Number of protein chains: 2
Amino acid sequence: MAQISLSRRLRRTPFSEGVEAAGVKAYTVYNRMLLPTVFESVEDDYRHLKTHVQVWDVSCERQVELRGPEATRLMQMLTPRDLRGMLPGQCFYVPIVDETGGMLNDPVAVKLSEDRWWISIADSDLLLWVKGIANGYRLDVLVDEPDVSPLAVQGPKADELMSRVFGDRVRDVRFFKFDMFDFQGRDLAVARSGYSKQGGFEIYVEGSDIGMPLWNALFEAGKDLNVRAGCPNLIERIEGGLLSYGNDMTDDNTPHECGLGKFCNTHTAIGCIGRDALLRVAKEGPVQQIRPLAIDGDPVPACHGTWPILAGGKRVGQVTSAAWSPDFKTNVSIGMLRLSHWDAGTEVMVETPQGTRRAVVQEKFWI
Amino acid sequence: MAQISLSRRLRRTPFSEGVEAAGVKAYTVYNRMLLPTVFESVEDDYRHLKTHVQVWDVSCERQVELRGPEATRLMQMLTPRDLRGMLPGQCFYVPIVDETGGMLNDPVAVKLSEDRWWISIADSDLLLWVKGIANGYRLDVLVDEPDVSPLAVQGPKADELMSRVFGDRVRDVRFFKFDMFDFQGRDLAVARSGYSKQGGFEIYVEGSDIGMPLWNALFEAGKDLNVRAGCPNLIERIEGGLLSYGNDMTDDNTPHECGLGKFCNTHTAIGCIGRDALLRVAKEGPVQQIRPLAIDGDPVPACHGTWPILAGGKRVGQVTSAAWSPDFKTNVSIGMLRLSHWDAGTEVMVETPQGTRRAVVQEKFWI
């Protein structure tokens, strides 16, 4: 396995010192920033995440801030999800589409107030698209990347750990809501959210200087909870059906293909740039869609690209993420399948780098 | 040193098979694509590059294609360089700026015809900015990323190797010009350009399927020239003053701060989006600028962030790239310095992770 060459271009985070001290073994790069991928091993990290509590440096979920009288108008231009009913204090998962309905990102929109939003982005320079749109339409809005770095606390003991640092009130934060909490005199947004199915929070750490003090406070408070540094876990996120932009979907795909049609209110999302194209898609329905697939046999190798899915010798889709699941004793995977072969129970063949395997389309993801 | 976790999101290239077979030891990620950084060692690769010829997988220099009646108008909106005199067959190095004059990229613009351009980009999703601008201004132009992956041939024996594969006519291509050459029935643009000072070419490989055939043809033809797989070399590019977007400059910087004022014709670049801001900068001049600095002492450690530059105890700049130069027997580096301390011969102090070192501002880069 190759090493990673570090440079300023692969940005460090406010928590990098803590991540290194915790013995990070591997990184990926996400939004031109370092994202840890392994501490002990993917399997050990998985077991620990499901049993205890982890602190994740997800600074790479950069924020695009919209501020000004036309911030809400601009936010609605970006997405087919109808945002009219959204209140300050809410977080919405929003597909972002271009004029053809192709997905540019799948972030969480955080509504701070009527004229101030954060978009907590997946892996694409969404800032540049939003700046270009704001400039081209001459909108009265400021668009930039603030000094905000999310820190996630995930796992079954997350409520206990967070209440020790932020007080018991943090337990009352509901799913995909946020509230403001004090840490060393700073007011931080804390949301009940995160890229796992084990429960937990994301702290929007505003101001790099308090990154390590907060990191240290969490580890100090969580010693007896067996808190560890962690990171989004490949196995757990596939089991949970958490999609990864750039892996499971790209700008080639519509939200409907990605199973995100439920987040599209295309008729009423007036102003959305991709609305015309998506009205057509909503009418006709997608011809391919993301599905969970169980792949037979021994653990599959790491999936570094796309694996063709065949049926009757013809290509009917591709696998984009795959891993052996210790809990479900099968290879869990995410694939894009043609409508002729996407029904649960359908048997297909997957071409892995270590040979062709039988796979079965699942009714739903594992967790 | 940490490993890199591969996934579809860190895109492989048409040449990845060749790069792996050649024993790549480390990667960086550039435009969400794998870019090799080390084969033997940075020092060995450096010596070989200056002596023989290397083939570089620089697919990560993705192209943004502009096509249509308003392609040239859009291209001029992106840059303060006056493009009116540019002819098809020419390549121009163009700073790309936002409405405040901040640099979004420093690509090479390739003019294929009056209504078709490629922008060969540095490390930022420029595609999203250009798509946003084209959409916002409702321009009559198609903007996308074509299946084009540059392959560079660099080093003193580059002309000899290239002439064996493409014929002697390739020797006549002049600096920053390109012409079309046949390879196995395909017409490929070949430019005399590249991210080294050792001379050579960049082949714009259109169609991933001919990537490995071309790779193999170059290695077959170059056996007696000691051809090797290589990559942009940290030491050589600092010696040569080749800037790296994201390392030596960011969207915080104007072209003038980066010493790229000579590529700005701000008065006559009518239509450039950042023109108003840059007219102000051109009038007043920058207050900080990029300079070569020689850092005293033993080889410095790898530069993974920014190193503060001090004078009289006050911060006067930062080093952004640094390496020990075997040829010049000093630490070569690139820094951004306040105008009070940017004159050649000025002595400053650099805070490296291994202590403070004396450094001297140089008149010019080393090669």
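The values are calculated or read from the model by the stated rules, or taken from the named source; none is laboratory data. Because the structure is predicted, anything quoted here is derived from the model rather than measured. FYI the Cβ positions are ideal-geometry reconstructions off the backbone, even for glycines, and counts take in every protein chain you see. Heads up: the accessible areas ignore ligands, DNA and RNA and are worked out on the full protein's heavy atoms, side chains in. Shrake-Rupley method; radii C 1.70, N 1.55, O 1.52, S 1.80 Å.
Qualifying trypsin sites (Lys or Arg not before Pro) in region A:290-367, where qualification requires a DSSP coil assignment and no more than 10 other C-beta atoms within 10 Å, comprise A:Lys329, A:Lys364.
In a reduced charge model with +1 at each Lys and Arg Cβ and -1 at each Asp and Glu Cβ, region A:1-64 shows a dipole moment near 400 debye about its Cα centre.
Let me check against my output: what whole-number percent is the relative contact order of chain A, with C-alpha pairs under 8 Å and at least 6 apart? Once divided by the residue count of chain A, the mean separation gives 18 percent. Between region B:82-124 and region A:10-28, the alpha-carbon centres lie 36 Å apart. Specify whether the C-alpha gyration tensor of region B:80-151 places it in the rounded, prolate or oblate class, a ≥ b ≥ c being the square roots of the eigenvalues: rounded for a/c under 1.5, otherwise prolate if a/b is larger than b/c and oblate if not. It is rounded, given that a/c, with a ≥ b ≥ c, falls under 1.5. Computed over region B:296-367, relative contact order equals 31 percent, with contacts defined as Cα pairs under 8 Å that lie 6+ residues apart.
Between amide H atoms placed 1.01 Å from N, distances below 5 Å from A:Ser5 occur with B:Tyr27, B:Thr28, all of them 5 or more places distant or on a separate chain.
Annotation for region B:52-94: trypsin sites (Lys or Arg not before Pro) lying in DSSP loop with at most 11 further Cβ atoms inside 10 Å of their Cβ are B:Arg84. Taking 1.002 mPa s as the viscosity and 20 °C as the temperature, the Stokes-Einstein diffusion coefficient of region A:219-367 based on its alpha-carbon Kirkwood radius rounds to 128 µm²/s.
Cross-linked pairs A:Lys111/A:Lys131; B:Lys111/B:Lys364; A:Lys157/A:Lys197; A:Lys262/A:Lys329; A:Lys197/A:Lys329: Cα-Cα separations exceed 20 Å for B:Lys111/B:Lys364; A:Lys262/A:Lys329.
Report the relative contact order of region B:224-367, percent, no decimals, based on alpha-carbon pairs under 8 angstrom and at least 6 residues apart. Mind dumping the intermediate values first?
Numbers: 260 pairs, mean separation 38.9, N = 144.
Taking the mean separation of contacting Cα pairs over the length of region B:224-367, I get 27 percent.
The tail of the calculated P(r) for the protein assembly as shown beyond 40 Å holds 34 percent of all Cα-Cα pairs.
In whole angstrom, chain B maps to an equivalent ellipsoid with semi-axes of 32, 29, 18, each derived as √(5λ) from the alpha carbon gyration tensor and ordered largest first.
Solvent-accessible surface (1.4 Å probe) assigned to B:Asp115 amounts to roughly 80 Å².
Here region B:13-81 is treated as an ellipsoid with the same Cα gyration tensor; its semi-axes, largest first and in whole Å, are 33, 15, 11.
From the square roots a ≥ b ≥ c of the eigenvalues of the alpha-carbon gyration tensor of region A:187-232, which class results: rounded (a/c under 1.5), prolate (a/b over b/c), or oblate? Oblate, because a/c is 1.5 or more while a/b does not exceed b/c.
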